[in-house]
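Working notes, beginning with the structure itself.
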Amino acid sequence: MAASGAPLWAVCVLRLALATVYFQEEFLDGERWRNRWVQSTNDSQLGHFRLSSGKFYGHKEKDKGLQTTQNGRFYAISARFKPFSNKGKTLVIQYTVKHEQKMDCGGGYIKVFPADVDQKNLNGKSQYYIMFGPDICGFDIKKVHVILHFKNQYHSNKKSIRCKVDGFTHLYTLILRPDLTYEVKIDSQSIEAGSIEYDWNLTSLKKMEKSSAESKDWAQAKDDKSQDWEKHFLDASASKPSDWNSELDGDWPAPMLQKPPYQDGLKPEGIDKDVWLHQKMKNTNYLTEYDLSEFENIGAIGLELWQVRSGTIFDNFLITDDEEYAENFGKTTWGETKVQCTQGTFLSLFIYFCT
């Protein structure tokens, strides 16, 4: 193989240029975020968001994100983007979340919606494709939700994925690949991975649907047989021609005869209803119906959740088809300000979390 003369940095730039970014939000333009995000008006008691970097941060401007502001409230807000299908492509969903209020009970997850979602009426009953992120409540619930919408039902990952429970900013990444594998990362570290088919208990659903489909096909075949029986039957008196070579010509097909007319209630002579050519069953739709991680009309991302104590900050949203782009985006956003925070505000953090 001939060696390439292109420098490594050029290869990396080309790689990033090939990535498709469907949605990216860092809230770097001040209050203009309100032109892109739509607050639901479904309920007058819904909590409101503000743009804030919180009580501590690595970079005051870069760390600004959507912060919940009212205790004991539901929240519902979303942003729309150009609809797309991830069929045959990798889908990467990533964002950062900081529970600086010492979260006791509340959600920190996001939802990805179909393009036709009613943003003004967004609520807990709004259909979504994917729900992903941390959920904390008391001592029992400290998990990362990964819920997929499939066959008009919501299916949760059967594995217990533990989330971060401190007050620092954390990077959450979900990767769904077209080979039906997935990966969940926290702070760029893989914490869970496997098969979408098995880790969402979809194999049993597939078997049930397959059995149902086969039964339907068999019932249809029997119905077709009954209808054809009214018109044709095998010619039992016909004999195979003397020059028929079964090895060369295959099995000899007995001729079918037109059923003779007869009066109602009278069975025609010489016809055996059990004599019939076997119809081979074949379900051609089964495999194509099970696109376990493919969504045809992705078009919005949002926060629809409950919090007992407000103060969570959501930032650095990203939806792309490229894992490497997501990794680099995480390094230049969360990764950069995380280092600054660690170096510059350790004392203030210590005082905050110990009081």
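Please treat every number below as a calculation from the coordinates, not as lab data. Everything numeric here is computed off the predicted structure, so don't read it as measured data. Counting neighbours? That spans all protein chains shown, and the Cβs are built from the backbone with ideal geometry, glycine included.
For the range 45-163, the alpha carbon convex hull comes to 155 Å³ per residue, rounded to a whole number. Other residues with beta-carbon under 9 Å from the beta-carbon of LYS159 carry, at +1 per Lys or Arg and -1 per Asp or Glu, a net charge of -1. P(r) tail, the range 291-340: Cα-Cα pairs separated by more than 13 Å, 73% of all pairs.
Amide H contacts under 5 Å for THR69: HIS48, GLY311, restricted to partners 5 or more places along the chain or on a different chain, H placed in the peptide plane at 1.01 Å from N. Across the range 90-101, coupling constants 3J(HN,Hα) worked out from phi with the 6.51/-1.76/1.60 Karplus curve, θ = phi - 60°, read 6, 10, 10, 10, 8, 6, 10, 9, 10, 9, 6, 8 Hz, and Gly and Pro carry x.
Placing dummy labels 7 Å off each Cα toward the beta-carbon, the span from GLU61 to HIS48 is 2.6 nm. Given the range 135-200, what whole percent of its Cα pairs are spread farther than 21 Å? Every Cα pair in the range 135-200 considered, those over 21 Å come to 26 percent. Per the Debye formula on identical point scatterers at the alpha carbon atoms of the range 97-167, with no solvent, log10 I(q)/I(0) at q = 0.12, 0.14 Å⁻¹ is -0.37, -0.50. Computed from phi, the 3J(HN,Hα) profile of the range 305-313 under the Karplus parametrisation 6.51, -1.76, 1.60 (θ = phi - 60°) reads 7, 10, 9, 6, 10, 7, x, 5, 10 Hz, with x in place of Gly and Pro.
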